[in-house]
Amino acid sequence: MYPAIAAAEALFIRQPNAKLMFVGSVGGFERPLLDEASLSFENYDEVRAGPLHGVSPLTMLGSIVQLIIGTLQALGLILRRKPDVILLTGGWVGLPVALSGWLLRVPSLIYLPDIEPGLAIKILRHFATRVAVTADASKQYFRAGQAVVTGYPTRDSLKQATRAAAIEHFGLDPARKTVLVWGGSRGARTINNALLDALPELLAFGVQIIHVTGTLDWGDLQKRAEDLGMGRVDAFQHYHPYAYLHDDVGLALAAADLTVSRAGASVLGEYPLFGLPSILVPYPYAWRYQKVNAEYLSERGAAIFMRDEDMARDLLPTIQSLLTGNRLAEMQTHAAALSVPEGAGNVAQQLIELAG
């Protein structure tokens with residue numbers, strides 16, 4: 001959703017009179033994110049869809065029925081709304097819309113945030129006019145001439161964040177190195193547990209930590225905090241835990257000297273934007289796209305790839321090694337070299353061209 005919102009914001013700058021219409025999944029999570037973005041949408045519509053990968057045969061059969069219904073809904077929407085161009089960002093809800101657009105000869109653009117497409121985009125690519133990709137490494141998955149490198153669309157609110165503002169916002173010590181640890185929007189328990197196990201030694205090592213636990217693990221963290229006596233011991237004054245960050249994500253990235261996280265698509269755009277070195281821990285129980293993302297950054301010297309099962313053993317010594325040697329500065333340089341600050345504008349320009 002965030003790359004789509006960033007591209008829409010950039011589109012309005014270039015085409016102030018553009019009209020946006022949104023099609024999402026039935027009962028999906030998209031609407032609150034769109035409302036927070038303060039974008040002006042002419043219509044919010046929903047179509048039915050369902051997953052075809054990694055589900056039981058019965059669920060797949062139900063999904064096929066939902067996709068047929070969704071395609072009929074999408075055909076009706078496109079005939080009524082008459083869009084000039086369609087932007088698709090993956091997910092099964094895009095399939096009825098992409099197929100309907102293809103049948104009615106409406107040009108469409110897929111934006112692929114990850115390096116390797118998942119099954120939904122692998123199907124969508126057959127109906128799309130063009131595909132915008134984050135990096136050149138993604139071109140191999142599409143027919144010749146279909147993919148164009150735009151970079152990752154980052155929101156303007158991220159670009160405006162400064163280190164000085166971040167230090168004031170989070171109450172940080174400007175003399176200390178800052179490690180930013182993400183437990184995911186809902187939680188990444190392996191990362192959260194590994195950090196808490198290493199926390200006393202990291203703080204004694206002289207770093208400060210911004211820890212975004214995710215909402216599911218916030219209760220567990222509070223219990224661990226009581227066990228460690230965080231509320232009573234001054235040694236923990238440089239530990240800053242949060243369940244979730246909203247508009248201050250950019251400030252957290254601007255404050256950090258090093259970050260630890262999963263390897264979702266945003267790492268390909270947001271970490272290079274800030275020249276931020278990372279320790280990436282792909283989620284081991286999902287499609288391999290996180291592993292490919294982590295390999296892409298690590299092979300280019302911008303990140304360290306760490307396996308989920310090795311975190312408890314390797315997190316502390318790896319952080320200590322990076323913060324005392326020269327490698328961190330080298331990783332900063334390599335990460336910044338991968339940045340494409342105008343990714344959102346590039347995607348918007350592709351939409352304008354396809355719309356004629």
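The values are calculated or read from the model by the stated rules, or taken from the named source; none is laboratory data. Here the structure is a predicted model, which is why all the values come from computation and not from measurement. So basically every Cβ, Gly included, is an ideal-geometry build from the backbone, and we count neighbours across all protein chains shown. The protein model used for the area step is the full one, side chains on, heavy atoms only, and it has no ligands, DNA or RNA in it. Shrake-Rupley method; radii C 1.70, N 1.55, O 1.52, S 1.80 Å.
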Treat each spin label as a single point 7 Å out from the Cα along the C-beta direction, and report the ARG189 to GLN237 distance in nm.
3.5
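Using only alpha carbons, build the gyration tensor for segment 193-340 and give me the equivalent ellipsoid semi-axes, biggest first, whole Å. Walk me through the numbers on the way to the answer.
Working: eigenvalues 126, 59, 47 Å².
After scaling each eigenvalue by five and taking roots: 25, 17, 15 Å.
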Roughly what would the spin-label model give for ALA137 and LYS82, points 7 Å off Cα along C-beta, in nm?
4.5
How much accessible surface does ARG288 have with a 1.4 Å probe, in Å² rounded to 10?
110
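Quote the relative contact order of segment 15-121 in percent (integer), defining contacts as alpha-carbon pairs under 8 Å separated by 6+ residues. Don't skip to the end; give the middle numbers.
Working: 133 pairs, mean separation 23.3, N = 107.
That works out to 22 percent.
Using the heavy atoms of the protein chains and a 1.4 angstrom probe, tell me the accessible area per residue for the chain in square angstrom. Walk me through the numbers on the way to the answer.
Working: 16650 Å² over 356 residues.
That works out to 47 Å² per residue.
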Relative to the longest principal axis of the C-alpha atoms of the chain, give the angle of the C-alpha long axis of helix 218-228, reported between 0 and 90° and rounded to the nearest 10°.
0
Helix 327-337 sits off the longest principal axis of the Cα atoms of the chain, rounded to the nearest 10 on a 0 to 90 degree scale, by 20
Let me spell out the model: positive unit charges on the Cβ of Lys and Arg, negative unit charges on the Cβ of Asp and Glu, origin at the Cα centre of segment 18-176. What dipole size does that give, in debye rounded to 20?
540
Measuring from the longest principal axis of the C-alpha atoms of the chain, the long axis of helix 311-324 (C-alpha) lies at a number of degrees, nearest 10, equal to 70
First compute the accessible area of the chain with a 1.4 Å probe, then give the percent of it belonging to carbon and sulfur atoms.
53
Per 0.36 nm of contour for each residue apart, how much would the distance between ASP247 and VAL26 grow if the chain were fully extended, relative to their Cα-Cα spacing?
76.9 nm
Violating pairs (Cα-Cα greater than 30 angstrom) within the set LYS223/LYS291; LYS139/LYS177; LYS122/LYS177; LYS159/LYS223; LYS82/LYS122; LYS177/LYS223:
LYS223/LYS291; LYS139/LYS177; LYS122/LYS177; LYS159/LYS223
So which aspartates and glutamates pass the test for LYS19, namely a Cα distance under 15 Å, with those fewer than 8 places away in the same chain ruled out?
GLU9, GLU42, ASP45, ASP84
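In what sequence, highest mean first, do 331-343, 124-136 appear when ranked by Cβ atoms within 10 angstrom?
On the way: 331-343: 18.5, 124-136: 20.8.
The most tightly packed comes first, giving 124-136, 331-343.
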